[in-house]
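Asks: Sending over a structure as structure tokens; questions will come in a sec.
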Amino acid sequence: DTMCDHAFGANGYKRNFAFDPTDDKQKIIPLYSSDISAAWEVVEKLQESQLYTDVRTCLDFYEVWVTVHEDDNQTETVVCPKLPEAICKAALLAVLEV
């Protein structure tokens, strides 16, 4: 079981922590759906798994496509006003399909 703690500071500081079962120490979990640098880590992991990501900007929202099965051209698509959120939602849908 993973226990997750959330920390919020007066200056807008936010962090998520969880216990790592390998060493039983609390570690920081990146804010994937709100921090763009953390969301790009998700994109890199998808690419390592040969799930390719296409990000498109449209007026005031982002459209993220993740190719799940290239042979039958299956993709998962998500539209969100925030890019990190769109990346993470598309990634979750894609890995559920694999």
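The values are calculated or read from the model by the stated rules, or taken from the named source; none is laboratory data. Worth saying up front: this structure is predicted, and the values here are computed from it rather than measured. Cβ sites come from the backbone with ideal geometry, for glycine too, and all protein chains shown count toward neighbours. SASA here: full protein model, heavy atoms, side chains in, ligands and nucleic acids out. Shrake-Rupley method; radii C 1.70, N 1.55, O 1.52, S 1.80 Å.
Asks: A86: in a helix (DSSP H, G or I), modelled with pLDDT of 90 or more and over 22 Å from F17 (Cα atoms), yes or no?
Replies: When the stated conditions are applied, A86 passes them.
Asks: Please verify whether V79 is out of contact with any Pro (no Cβ under 6 Å at 6 or more places or on another chain) and assigned to a strand (DSSP E or B), treating the condition exactly as stated.
Replies: Here the answer is yes, as V79 does meet what is asked.
Results for (1) within 14 Å of the chain's Cα centre (by Cα); (2) open to solvent by 40 Å² or more (accessible area, probe 1.4 Å); (3) at pLDDT 90 or above, shown as yes or no for each residue.
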position: D5; (1), (2), (3): no, yes, no
position: N16; (1), (2), (3): no, no, no
position: F19; (1), (2), (3): no, yes, no
position: V43; (1), (2), (3): yes, no, yes
position: F61; (1), (2), (3): no, yes, yes
position: H69; (1), (2), (3): no, yes, no
position: N73; (1), (2), (3): no, yes, no
position: K82; (1), (2), (3): yes, yes, yes
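Asks: Which of (1) within 10 Å of the chain's Cα centre (by Cα); (2) loosely packed, with under 12 Cβ neighbours inside 10 Å does Y32 not meet, given it meets every other one?
Replies: Failed condition: (2).
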